[in-house]
Structures are given as C-alpha cells and as structure tokens.
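K.L.:
This is the structure, below, for whatever I ask next.
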Amino acid sequence: MLIGAHVDFEDPLAEAAARNADVVQFFLADPQGWKAPEARPDAAVLRDSAVQIFIHAPYVINLASTNNRIRIPSRKLLGQHAAAAATVGASGLIVHGGHVNKGEDVATGIENWRKALQQARDNGGLPVQVLIENTAGGDNACARRFDELARLWDAVGDFGVGFCLDTCHAHAGGEELLDIVDRVKGITGRIDLVHANGSRDGFDSGRDRHDNLTVKNSEPGMIDPELVAAVVRAAGAPAVVETPGGAQGQSADIAYLRAHQ
Ligand SMILES: [Zn+2]
C-alpha cells in the first residue's frame with residue numbers, strides 16, 4: 001500500500017524523502033485564495049518522480065454553492081487547478097464536497113455539482129480525475145452524511161469522478177469508522193485515496209481538527225488509530241496523513257500505518 005503525507009508545496013519531493021513517503025499531496029496555490037496556480041519549474045521532475053502525487057484544490061472552491069459569485073469562480077478555479085495538476089502528473093485532484101447555505105436545499109447543491117461536471121465535460125473534460133472528499137461540518141453539506149453522499153453520487157457518479165475518504169471528517173461528521181469502507185463502496189463503488197487522520201474532536205462534533213495517529217494532541221480515545229489503519233487496509237487505496245507535527249509527526253504516523261498493513 002502506498003502511504004505518504006500532505007506536505008508543503010515548495011519542495012514536495014524533499015518533504016517526501018524526509019518522511020519516507022511513497023505518495024505526497026500538496027496545494028498548487030493558496031488554499032484560502034482564488035488565485036490560479038503558477039507554472040512550476042519542477043513540473044517535469046515531479047511528473048517523472050517515482051513518488052505518486054495528488055493535488056488538493058483550494059478550500060474556497062464550492063461547486064455546490066447557490067451563490068453565483070462563488071459557484072462560477074469555483075468552476076473556473078477547478079479547471080485551472082486540474083490543468084496545473086496535470087502538468088505535475090497528479091493522480092487526482094481532491095475537492096471538498098461543498099455545501100449550500102442554511103435554509104437551502106442540499107438537492108440544489110447536488111444539482112450544481114452535476115452542472116459543473118457537465119460543463120467541464122462539454123468543454124472537453126478535466127485532464128485530471130476529480131476526487132470528491134467527505135467533509136466534517138455543517139448541516140447543509142453534500143458529502144458529510146452518507147445519505148447525502150448517496151444522493152450526490154446518483155447525480156455525479158457517471159462523470160468519472162473518484163472518492164477520497166477522510167477518517168477525521170467521517171468521525172467528526174458523524175459516520176462510524178467501523179465498516180465505513182464497505183458503506184462507502186456501497187455508495188460510490190470505489191475509494192481512490194484515504195486521508196488517514198486522527199481527530200482532536202469527538203464523534204459527530206462537526207469540527208475539523210486533524211490529529212496524529214500516534215502522538216495524541218487530543219483527549220485520549222478520539223479515534224482508535226487501529227481503526228484508521230483498518231480503513232487503509234480495507235480501502236486498498238493510497239493513503240496520506242494530513243496530520244500535525246511536521247516531518248517528525250507525519251513520519252511516525254506513516255510508520256504506524258505501514259506497521260499495521
Ligand atoms: Zn482531508
């Protein structure tokens with residue numbers, strides 16, 4: 001199983017080496033901003049590297065939004081990041097499931113997802129596969145609770161999208177990790193990447209604060225690390241830790257997952 005980490009985008013291969021990572025994920029631009037990614041001088045090196053690469057799209061992207069001034073720029077930014085992700089040979093572009101606002105119908109958000117992917121297809125398709133990630137918070141999210149995820153997948157599953165399962169988001173979002181891989185695959189038929197994270201907050205808290213698997217910053221017992229390892233084993237997909245502690249903390253988490261394969 002390929003195991004790695006989310007790392008800083010300056011020199012991802014050096015970060016991979018520092019963690020003994022088989023796979024890295026990074027941003028191509030400020031995750032809180034709307035700026036298009038800049039061309040990377042190391043694109044060919046990344047493309048030719050034996051380290052598998054995933055790109056995480058900015059958090060500001062919300063393809064479900066009912067607000068034109070968020071939804072339309074989100075589609076544009078998605079296209080820009082997919083193009084840039086292709087230049088570094090990325091295996092996937094991770095995009096959060098998104099949400100509508102309080103009082104709005106999640107079905108509208110799901111329809112907006114479908115329209116975004118239809119538009120991308122009409123424009124020739126995205127050069128890198130989009131992996132939709134489950135999220136932790138909010139009552140109007142498209143991919144927090146799995147009943148909504150099932151509705152989302154009914155609408156977008158035919159567009160060739162993949163799925164990224166985040167263990168922290170599932171736990172904090174109110175989905176039990178025990179048997180979660182079977183439940184996800186029952187909906188999506190696939191898991192393309194695991195975000196193997198601990199959580200600093202309790203089950204169904206709706207909070208998104210990642211924790212290490214091995215060194216606990218949270219109260220004990222938020223997520224049993226063996227459960228996370230079991231998810232990685234059952235998923236049969238690459239896994240990245242998005243955990244604190246820099247190279248040291250992440251190396252320990254990676255080593256833990258490897259030891260429990
Ligand atoms: Zn994640």
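Every number in this text was worked out from the coordinates using simple rules, so none of it is lab data. Keep in mind that what you see is a predicted model, and the values were worked out from it rather than measured. We place every Cβ from the backbone using ideal geometry, glycine too, and count neighbours over all the protein chains shown.
K.L.:
Answer with yes or no whether Cys164 is within 16 Å of the ligand (Cβ to nearest atom), more than 28 Å from Asn212 (Cβ to Cβ) and within 16 Å of the chain's Cα centre (by Cα).
P.N.:
No, not satisfied.
K.L.:
Here is a further query. If you go through the stretch 28-45 one residue at a time, do you hit one that is buried (at least 16 other Cβ atoms within 10 Å of the Cβ) and under 28 Å from Gly173 (Cβ atoms)?
P.N.:
Within the stretch 28-45, one or more residues are buried (at least 16 other Cβ atoms within 10 Å of the Cβ) and under 28 Å from Gly173 (Cβ atoms).
K.L.:
I've got another one for you. Output the number of residues of the stretch 62-100 satisfying the condition of being of a type in the set (A, V, I, L, M, F, W, C), farther than 18 Å from Asp8 by Cα and surrounded by fewer than 24 Cβ atoms within 10 Å (Cβ to Cβ).
P.N.:
Final tally of qualifying residues: 8.
K.L.:
Restrict the check to the stretch 118-127 and report whether at least one residue is more than 18 Å from Ile70 (Cβ to Cβ), crowded, with 21+ Cβ neighbours inside 10 Å and among the small types (Gly, Ala, Ser).
P.N.:
no
K.L.:
Specify the residue that is nearest to Phe163 (Cα to Cα); the eligible residues are those in the stretch 193-202 that are within 13 Å of the ligand (Cβ to nearest atom) and assigned to a loop (DSSP other than H, G, I, E, B).
P.N.:
Ala196
K.L.:
Please state which one of Ala143, Ala172 is within 16 Å of the ligand (Cβ to nearest atom), free of Cβ contacts under 8 Å to residues at least 40 places away in the same chain and of a type outside the set (Phe, Trp, Tyr).
P.N.:
Among Ala143, Ala172, only Ala172 is within 16 Å of the ligand (Cβ to nearest atom), free of Cβ contacts under 8 Å to residues at least 40 places away in the same chain and of a type outside the set (Phe, Trp, Tyr).
K.L.:
Moving on to the next point. So which residues in the stretch 146-161 are without any contact (Cβ under 8 Å) to a residue 12 or more places away in the chain and closer than 21 Å to Asp179 by Cβ?
P.N.:
Asp147
K.L.:
Then there's this: Mind checking which residues of the stretch 1-30 are among the small types (Gly, Ala, Ser), touching a residue at least 60 places away in the same chain (Cβ under 8 Å) and out of contact with any Pro (no Cβ under 8 Å at 6 or more places or on another chain)?
P.N.:
Once the filter is applied, which keeps residues that are among the small types (Gly, Ala, Ser), touching a residue at least 60 places away in the same chain (Cβ under 8 Å) and out of contact with any Pro (no Cβ under 8 Å at 6 or more places or on another chain), the stretch 1-30 yields Ala5, Ala18, Ala21.
K.L.:
Still on this structure: Is it the case that the stretch 97-120 has a residue that's of a type in the set (Ser, Thr, Tyr), within 16 Å of the ligand (Cβ to nearest atom) and either outside any helix (DSSP H, G or I) or under 13 Å from Asn62 (Cα atoms) (or both)?
P.N.:
Checked the stretch 97-120: no residue is of a type in the set (Ser, Thr, Tyr), within 16 Å of the ligand (Cβ to nearest atom) and either outside any helix (DSSP H, G or I) or under 13 Å from Asn62 (Cα atoms) (or both).
K.L.:
Go through the stretch 128-140 and give me each residue that's touching a residue at least 40 places away in the same chain (Cβ under 8 Å) and within 16 Å of the ligand (Cβ to nearest atom).
P.N.:
The answer is Val130, Leu131, Glu133, Asn134, Thr135, Ala136, Gly137, Gly138.
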